[in-house]
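What follows draws every value from the coordinates through simple rules; no lab data is involved. No experiment lies behind these values; they were computed from the predicted model shown. Glycine gets a Cβ as well: all are built from the backbone with ideal geometry, and neighbour counts include every protein chain shown.
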């Protein structure tokens, strides 16, 4: 992860965003971590990011994994067509 000061980010935001498409960038403010900039190529990237950070989705995923561990699932081949 690259590091960039908030002052540097302000002076060349366009270049910062282009770099963020390749690698996350940690923004610092007065020497302390302040934010992380991630690049997005399109709306699908934004959707994926939002989904991956949605507490409701994460909770449902964890619950589903636990049910699978306990054998509470239906195989795709067993579903009616």
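Which one, 60, 19, 70, has the greatest fluctuation when you compute a Gaussian network model over the chain with C-alpha springs under 10 angstrom?
70
Sorted from largest to smallest, which semi-axis lengths in Å does the alpha carbon gyration tensor of the chain give for its equivalent ellipsoid, taking the root of 5 times each eigenvalue?
Each semi-axis is √(5λ); the values are 40, 16, 9 Å.
With just the Cα atoms defining each centre, how far is segment 1-34 from segment 60-75? Give it in Å.
Using only Cα atoms, the two centres lie 40 Å from each other.
Once both axes come from the Cα atoms, what is the angle between helix 55-69 and the longest principal axis of the chain, in degrees from 0 to 90, rounded to 10?
40 degrees
Select from 43, 66, 24 the residue whose mean-square fluctuation is largest in a Gaussian network model of the chain (Cα-Cα springs shorter than 10 Å).
Comparing 43, 66, 24 in a Gaussian network model of the chain, the most mobile one is 66.
Among DSSP bridges having both ends in the chain, what percentage is antiparallel? Round to the nearest 5.
Of the beta bridges lying entirely in the chain, close to 55 percent run antiparallel.
If I model a spin label at residue 54 and residue 79 as a point 7 Å from the Cα along the Cα→Cβ vector, what separation in nanometres do I get?
For the pair residue 54/residue 79, the computed spacing is 1.9 nm.
How much mean residue ellipticity at 222 nm does the chain get from its helices, if each DSSP H run of length 4 or more adds -39500 (n - 2.57) and you divide by all residues, to the nearest 500 deg cm²/dmol?
Rounded to the nearest 500, it is -14000 deg cm²/dmol.
How far apart, in nanometres, would the label points at residue 28 and residue 64 be if each is projected 7 angstrom from Cα along the Cα-to-Cβ direction?
Taking the two extended label points, one gets 4.0 nm.
Using Cα springs under 10 Å in a Gaussian network model of the chain, which residue among 16, 40, 58 shows the largest mean-square fluctuation?
With Cα springs under 10 Å in the chain, the top fluctuation among 16, 40, 58 is at 58.
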